[in-house]
1. Want the number for Val366 to Ala37: 0.36 nm per residue separation, take away the alpha-carbon distance, what's left?
2. Which value, in debye to the nearest 20, describes the size of the charge dipole of the stretch 140-369 about its Cα centre when Lys and Arg Cβ atoms bear +1, Asp and Glu Cβ atoms bear -1, and nothing else is charged?
3. Give the Rg (one decimal place) followed by the Dmax (whole number) of the stretch 51-116, computed from C-alpha coordinates and expressed in Å.
4. Compute the Rg/Rh shape ratio of the stretch 443-539: radius of gyration over Kirkwood radius, all on alpha-carbon atoms.
5. Taking only the alpha-carbon atoms of the stretch 206-265, what semi-axes of the equivalent ellipsoid follow from 5 times the gyration tensor eigenvalues under a square root, in whole Å, largest first?
6. Mind checking the angle between helix 501-512 and the chain's longest principal axis? C-alpha axes, 0 to 90 degrees, to the nearest 10.
7. Could you tell me how many degrees, from 0 to 90 and to the nearest 10, lie between the Cα long axis of helix 554-563 and the main elongation axis, the longest principal axis, of the Cα atoms of the chain?
8. Counting Lys and Arg as +1 and Asp and Glu as -1, what is the net charge of the other residues whose Cβ lies under 13 Å from the Cβ of Lys334?
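We did not get these values from a lab; they are worked out from the coordinates using the rules stated. All values derive from a computational prediction rather than experimental measurement. A quick note on method: Cβ atoms are made from the backbone with ideal geometry, for glycine too, and the neighbour counts reach across all protein chains shown.
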Amino acid sequence: MRLIALPALLLATSALAQEAATHRPEDVVKAEAVSLAPGATAADDVSRYLLVRSPRGAVALAGGERVAYTSDVTGRPQIWVMPAGGGQADQISYGSGVAWVRPAPDGGILYGADTDGDERVGMYWIGADGMGERTVIAKSPAYRQFGDWSGDGKRFLYASTERNNTDFDIWVADLAGGAPRLVLEANGTSYYPLAWQPGGELVILSEVRGSDANNLHLLNVATGERRALLVPKEAAEHSGVTWAPDGKGFYLAHNGASDTHRLAYFDLASGQLRTLADPKLDIAGVELSDDGRYLAWTTIETGFNRLHVRDLQTGRDVALPELPAGLVGLRAVKGGGSKMLLSLNTPQTAGETHIWDPAAPSTPPVRILKADTPGLDLAQMVTPEPVAFKARDGAPLTGLLYMPRNLPAGAKPPVFIEVHGGPSAHAVPAFAPDIQYYVARGIAVLDFNYRGSTGQGKAFAALNDRENKVNEVGDLADAVAWLRQSGKVDGSRIAVGGGSYGGYLTNLALGTYPDMFVGGVSAVGVSDWVAALEGASPSLKAADKLEFGDISDPKVRAFFAKLSPINNVARIKTPMMVLHGANDPRDPVSESDRLVAGIRANGGTVTYLRFPDEGHGITKVNNRVHAYRRVADFLEQRFGMQREAAGSASR
């Protein structure tokens, strides 16, 4: 997830050190148009899974009568609007891919759009009917992050690196136009606006304190004065910040003075936190209904979400509808009283949106958005089994294990270990097209939580901080040992892969354990930590210093130089597939260029997919189909799997 430029001094051989790390012309992807062979079964072609169209980020527009969301049904993420009660959806944006959508208080939509994944967004307003589109803040080299609207809906706050291209300062903009105003300079740190006080000028700010911790401050937009609210001695996370309607305090989840999250209310006058719930679990999200009566939150249970709702007037928890096992997202319906939008992302729903009223809990949620599935029966998708085992030093490792259906008696499938990015993230049981395809083809998948993953308390999340990062790669070896001992899979056929931080761990594992895996798939991964930390993007640099240490310190620099996967490039003998977007603003494509050149120079086998129109990930539909067809073919070849004739024809 970091900006990187590899220095020559860390290359594996002197000959390679003198060679320019350039890619070959055949590495550059020219993705073909997407097509499906008629009559092909779902298991024949990964593109059927990739072409599942899930509505993303659904929000209720002002008044609650319409819902906006993004979908990439056209090949790029665009904005769609439909009646909240269900009905025909209309596409209203047609330009560059949309990065995010926020409902504007005037009934329109504010959205951000970048260029081919460069993450430098401009901000634009468009009417819910698609009319009147205009630029509010023009795209520039700066990074920006939207914050919140003022109570009157005429202004909004955002964080931006506009001033010095390093610090995220706080800016306020007028929706009607005019030059934005700088409210607060960060000066060596980064602030992000979270929530604007109803009817007032106070805003809650988040200050980065590592990748999974932050401090809270209070900013007066009118005067620019800032004061600390929650700055504990021990780093803690404060999330889900939501003002009470009277503006006298706010709700949040935090893990100050505890390993897992507590739901709490912060009283502005007294400066005191009052605990509302202590689930002894991490909390994924917090939302307050628009009328202020119902407080909803979700807890994390080995990746699965459990919904909780409390009636703040009675103090009682609300009886809940039965929901499918997976992820639950929450969003209040502005102008909709107690109504909420529930986003349900599970292997069998692939991202449905429902509208539900906790004031009438016996009435089931009404589905208003569902995924489009090209001949794919979602009922046949596999829900994973939560698994847990110990690392060699006793650390509690977990994951989600997907097993193929209808295996012959005694058959043991090959297994792909999926390594998530972050590292402040965790495996989740959402619809994952690649995983479901692998399972349909007879490949088991372990979506693995190595040390440093979130969702299991802050002590576990801190196990990979600074010098402890050296232990992460051992977790992969311990996962392999557990899989072999489980008796469920073929322990002689195990591959590993991941993206971003998961790509880094894949690179590291293949050099550390050259005989452990039959194949590896690395996407946008780090190869050289020294260059990564020196050239980190503004959004990462403040967190990196706390999690990794000060790279200008000779001891820290030497440690991360030694840990960098590029040092073991000569030991990578396992065949690899490497993927990277040429516009990646976090890990420049030169990172993978150099890694691939090193593997080739040392006689290794690597297939390189270099996308000229992508960034830190693959978002365009034709590129995704091209990429995962190639990845699926690579894994099946490494596992020694024979494809049926019908399947081959569909590829």
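1. Working: separation 329, 0.36 × 329 = 118.44 nm, distance 3.50 nm.
Between Val366 and Ala37, full extension yields 114.9 nm more.
2. Working: 21 positive and 27 negative charges, 41 e Å.
Using only the charged Cβ atoms, the result is roughly 200 debye.
3. 11.4, 34
4. On the way: Rg = 14.3 Å, Rh = 14.5 Å.
With Rh from the inverse mean 1/r over Cα pairs, Rg/Rh is 0.99.
5. Values: eigenvalues 84, 48, 14 Å².
The answer is 21, 15, 8 Å, longest axis first.
6. Around 20 degrees separate the two axes.
7. 60 degrees
8. Numbers: positive: Arg66, Arg102, Arg331, Lys339; negative: Glu65, Asp106, Asp148, Glu287, Asp290, Asp291.
Local charge sum for Lys334: -2.
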